[in-house]
2 protein chains.
Amino acid sequence: MESPKRQIILQTPNLEGAKKAIKTGIARHRTVVIAGSCTVDYDGRASSKLEEGERLIIFKPDGSALVHRPKDYSPVNWQPSGSIFHTRIGKDGLVIRVFRRKERESMVISLTMIQMVAVLDLVDNGDFTLYATEKEMQEAILFKPDILEPGFRPMTKEMAVDPGFIDIIGYDADDILAVVEIKRVKANKKAVEQLKKYMDVIDLDDSRRVRGILVAPDITDNGSELLNQLGYEYKPLTPQECSEILKQKRGTPLTAFFEP
Amino acid sequence: MESPKRQIILQTPNLEGAKKAIKTGIARHRTVVIAGSCTVDYDGRASSKLEEGERLIIFKPDGSALVHRPKDYSPVNWQPSGSIFHTRIGKDGLVIRVFRRKERESMVISLTMIQMVAVLDLVDNGDFTLYATEKEMQEAILFKPDILEPGFRPMTKEMAVDPGFIDIIGYDADDILAVVEIKRVKANKKAVEQLKKYMDVIDLDDSRRVRGILVAPDITDNGSELLNQLGYEYKPLTPQECSEILKQKRGTPLTAFFEP
DNA sequence: GCCTAGGTCCCGTGG
DNA sequence: CCACGGGGCCTAGGC
């Protein structure tokens, strides 16, 4: 009796051998990597046809599937996680159908020649942490509001309105209400329009002044123009700066600033 | 003298052997696939840290790089095409640095254990065609304007305004001007706002009536509400229908409808 | 399920 | 080069 191997790698297998390895790999929740010549037909939200050529195909244990050409960042065809695989040998060669219930869409890969099949048991529990995100910018302003401007006091974060979410609402040193919209990349006209949408909800009565503040590392000319037109303000701030600020106080829970 | 192999596949190689194969593969513009235990550090527009775990790594001849965990559609770390690779053995194992000039960002992969290295010569010249896109919806309306409504005559396509592009402008059966905005997926409030933006540019003088028509396979409740508020109209149309219509007349150039 | 907004979005198409 | 909008975007977070 064989003990189950951690990996199976087949070089230029015949279709029958490839099929067996692929089916076994999928059944055992392995990551399956195939290199070979294929066509791909997709049909669902849109539809597509990929003519014969050599590609790299990946099936993951979570039901995601990728077909990569030997160029480009993005897969030429794919299915997101939660898909179901069906492998069989037909007149077009080794046919793998990847079906997604939710979107009622399917991707059919027909392999005619196979260079490699690798069935891999990838164990991956490593933590992944991303820094310098928009969320970190928000946290940095809540933690050290002076980086927005001296005397600023945040009152709410992620306030649901209209529909949408205002990143931060607070009071400035003169007790004027301020709506803060944060962007981690250069802000454009759309970002200003987004801020306006929130201002339209908050700035209802003319008696009370409300400031609109756009926080971003940079702003486009068109964005700046509209901003000035609407009487809003721009505060330059980079996600990297914010990330640095948070590093100084990593460990202090964010909730501490809202609890007595 | 060896003839260059079409593919090199190494199972559980040592770091030195892996390094040699990877360097050769990159130099010869091959697609390099690595399975192994690694950490990844990214620094650029944002930054990230990925702790030790087993992943699938892909380097393509166009300078794109992907690190895939055994789950998810999207890579956990990556660089788009145009990156430069540098491979060396250091104290952290086999270290591959992927550098991108344009964004001044880098991804460093440190491999400690390697399950597989595959150097593949993927030849892929197959055509890829995507159907049922927004562009096809536009073409279908230009080709057979009656699918929008009987008597509709398109005048311009992709008219640049403001900034932005109005998908189609035309006259209806009663010679009323109509601004048409197309969405290939369910239209939401944002889509209606986009139409409004274009209407604000076209519908300047109150003397002339202008219709705003949103074409989409479906519309959200919020979108519909705003649409009614603004007095615009919704025309249901699916990208699939449009794709079918175009199939009937594939071959007729789009320009034919604008030339004498 | 719907809806909104973010993304190291990527990518193409203008100017 | 910058700016804007599309994408089979995908994905997370609310409701």
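The values are calculated or read from the model by the stated rules, or taken from the named source; none is laboratory data. Worth saying up front: this structure is predicted, and the values here are computed from it rather than measured. We place every Cβ from the backbone using ideal geometry, glycine too, and count neighbours over all the protein chains shown.
Just to be sure I understand, how many residues within region A:180-230 are among the acidic types (Asp, Glu) and within 16 Å of DNA strand D (Cβ to nearest atom)? Spell out the reasoning first.
At the first step, the residues of region A:180-230 found to be among the acidic types (Asp, Glu) are A:181, A:193, A:200, A:203, A:205-206, A:218, A:221, A:225.
Okay, now just the ones that are also within 16 Å of DNA strand D (Cβ to nearest atom), so A:181, A:193, A:218, A:221, A:225.
Going through region A:180-230 one residue at a time, the tally reaches 5.
Filter region A:8-18 down to the residues that are surrounded by fewer than 21 Cβ atoms within 10 Å (Cβ to Cβ) and away from chain B (no Cβ under 14 Å) and list them by number.
A:Asn14, A:Leu15, A:Glu16, A:Gly17
Return the residues of region B:92-103 that are over 16 Å from B:Val32 (Cβ atoms) and away from DNA strand C (no atom under 14 Å from the Cβ); say none if nothing qualifies.
B:Asp92, B:Gly93, listed by residue number.
Hey, B:Gly93 hits all of (1) in contact (Cβ under 8 Å) with a residue 40 or more places away in the chain; (2) more than 9 Å from chain A (Cβ to nearest Cβ); (3) under 25 Å from A:Gln115 (Cα atoms); (4) of a type outside the set (Ser, Thr, Tyr) but one; which does it fall short on?
(3)
Tell me which of these A:Ala21 doesn't satisfy, since it passes every other one: (1) at the interface with chain B (Cβ under 9 Å from one of its Cβ atoms); (2) of a type in the set (A, V, I, L, M, F, W, C); (3) touching a residue at least 24 places away in the same chain (Cβ under 8 Å); (4) over 17 Å from B:Thr129 (Cα atoms).
Exception for A:Ala21: condition (1).
Write out, first by first residue and then by second, each pair whose Cβ atoms fall under 6 Å of each other, whose residues are 6+ apart or on separate chains, and whose first residue, in region A:151-166, is of a type outside the set (D, E, K, R) while the second is within 11 Å of DNA strand C (Cβ to nearest atom).
Correct list of pairs: A:Met159/A:Ile166; A:Val161/A:Val201; A:Phe165/A:Glu158; A:Ile166/A:Tyr198.
List pairs: first in region B:175-198 and more than 10 Å from chain A (Cβ to nearest Cβ), second of a type in the set (Phe, Trp, Tyr) and in a strand (DSSP E or B), Cβ under 8 Å, 6+ apart or cross-chain?
B:Leu177/B:Tyr171; B:Ala178/B:Tyr171; B:Ala187/B:Tyr234
Among the residues of region A:15-22, are any under 24 Å from B:Gln7 (Cβ atoms) and either at pLDDT below 95 or in a strand (DSSP E or B) (or both)?
Scanning region A:15-22, I find no residue that is under 24 Å from B:Gln7 (Cβ atoms) and either at pLDDT below 95 or in a strand (DSSP E or B) (or both), so the answer is no.
What is the one condition in (1) more than 19 Å from B:Leu66 (Cβ to Cβ); (2) within 14 Å of chain B (Cβ to nearest Cβ); (3) in contact (Cβ under 8 Å) with a residue 60 or more places away in the chain that A:Phe143 does not satisfy?
Every condition holds for A:Phe143 apart from (2).
For residues in region B:147-166 being β-branched (Val, Ile, Thr) and crowded, with 16+ Cβ neighbours inside 10 Å, which is nearest to DNA strand C (Cβ to nearest atom)?
Start the filter on region B:147-166 by keeping residues that are β-branched (Val, Ile, Thr), which leaves B:147, B:156, B:161, B:166.
Filter once more, keeping what is crowded, with 16+ Cβ neighbours inside 10 Å: B:147, B:166.
On the way: B:Ile147: 24, B:Ile166: 14 Å.
Checked region B:147-166; the qualifying residue nearest to DNA strand C (Cβ to nearest atom) is B:Ile166.
Being in a strand (DSSP E or B), farther than 13 Å from B:Ala191 by Cα and touching a residue at least 60 places away in the same chain (Cβ under 8 Å) is the filter here; which residues of region B:215-242 pass it? Spell out how you get there, then give the answer.
Of all residues in region B:215-242, those in a strand (DSSP E or B) come to B:215-216, B:219, B:233-236.
From what's left, farther than 13 Å from B:Ala191 by Cα: B:235-236.
Within region B:215-242, just B:Lys235 meets the criteria.
So which residues in region A:104-133 are at the interface with chain B (Cβ under 7 Å from one of its Cβ atoms), within 16 Å of DNA strand C (Cβ to nearest atom) and in contact with a Gly (Cβ under 8 Å, 6 or more places away or on another chain)?
If we filter region A:104-133 for residues that are at the interface with chain B (Cβ under 7 Å from one of its Cβ atoms), which is where we start, we get A:115-116, A:118, A:120, A:122-133.
Adding the requirement that they be within 16 Å of DNA strand C (Cβ to nearest atom) leaves A:124, A:126-133.
Hits for region A:104-133 are A:Asp124, A:Gly126.
I'd like the full set of residues that are in contact (Cβ under 8 Å) with a residue 40 or more places away in the chain and either surrounded by fewer than 18 Cβ atoms within 10 Å (Cβ to Cβ) or among the acidic types (Asp, Glu) (or both), limited to region A:110-133.
Step one: filter region A:110-133 for residues in contact (Cβ under 8 Å) with a residue 40 or more places away in the chain, giving A:110-122, A:131-133.
Once the filter is applied, which keeps residues that are in contact (Cβ under 8 Å) with a residue 40 or more places away in the chain and either surrounded by fewer than 18 Cβ atoms within 10 Å (Cβ to Cβ) or among the acidic types (Asp, Glu) (or both), region A:110-133 yields A:Thr112, A:Met113, A:Asp121, A:Thr133.
Please indicate, with yes or no, whether at least one residue in region A:47-63 is within 16 Å of DNA strand C (Cβ to nearest atom) and either outside any strand (DSSP E or B) or polar (S, T, N, Q) (or both). Can you show your working first?
Our first condition is that a residue be within 16 Å of DNA strand C (Cβ to nearest atom); within region A:47-63, this holds for A:48, A:50, A:55-56, A:63.
From the residues that got through so far, the ones that are either outside any strand (DSSP E or B) or polar (S, T, N, Q) (or both) too are A:48, A:63.
Yes, region A:47-63 contains at least one residue that is within 16 Å of DNA strand C (Cβ to nearest atom) and either outside any strand (DSSP E or B) or polar (S, T, N, Q) (or both).
Are any of the residues in region B:134-146 within 14 Å of DNA strand C (Cβ to nearest atom), of a type in the set (Val, Ile, Thr) and surrounded by 17 or more Cβ atoms within 10 Å (Cβ to Cβ)?
Within region B:134-146 (the criterion being within 14 Å of DNA strand C (Cβ to nearest atom), of a type in the set (Val, Ile, Thr) and surrounded by 17 or more Cβ atoms within 10 Å (Cβ to Cβ)), the answer is no, since none of the residues qualifies.
Would you call B:Ile26 more than 9 Å from every other protein chain (Cβ to nearest Cβ), away from DNA strand D (no atom under 15 Å from the Cβ) and touching a residue at least 24 places away in the same chain (Cβ under 8 Å)?
On the way: more than 9 Å from every other protein chain (Cβ to nearest Cβ): yes; away from DNA strand D (no atom under 15 Å from the Cβ): yes; touching a residue at least 24 places away in the same chain (Cβ under 8 Å): yes.
For B:Ile26, the condition - more than 9 Å from every other protein chain (Cβ to nearest Cβ), away from DNA strand D (no atom under 15 Å from the Cβ) and touching a residue at least 24 places away in the same chain (Cβ under 8 Å) - is met.
Do we find that B:Gly82 is among the small types (Gly, Ala, Ser) and surrounded by fewer than 15 Cβ atoms within 10 Å (Cβ to Cβ) in this structure? Talk me through it step by step, then tell me what you get.
Numbers: among the small types (Gly, Ala, Ser): yes; surrounded by fewer than 15 Cβ atoms within 10 Å (Cβ to Cβ): yes.
In short, yes.
Condition check ((1) within 16 Å of A:Leu142 (Cα to Cα); (2) within 13 Å of DNA strand C (Cβ to nearest atom); (3) surrounded by fewer than 18 Cβ atoms within 10 Å (Cβ to Cβ); (4) not assigned by TED's automatic domain parsing to the domain that holds A:Leu226) across all residues:
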position	(1), (2), (3), (4)
A:Ile168	yes, yes, no, no
A:Asp172	yes, no, yes, no
A:Asn188	no, yes, no, no
A:Tyr198	no, yes, no, no
A:Asp205	no, no, yes, no
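Taking the residues in region B:34-79 that are surrounded by 21 or more Cβ atoms within 10 Å (Cβ to Cβ), among the β-branched types (Val, Ile, Thr) and touching a residue at least 60 places away in the same chain (Cβ under 8 Å) as candidates, determine which candidate is nearest to the other protein chains (Cβ to nearest Cβ).
My answer is B:Val40.
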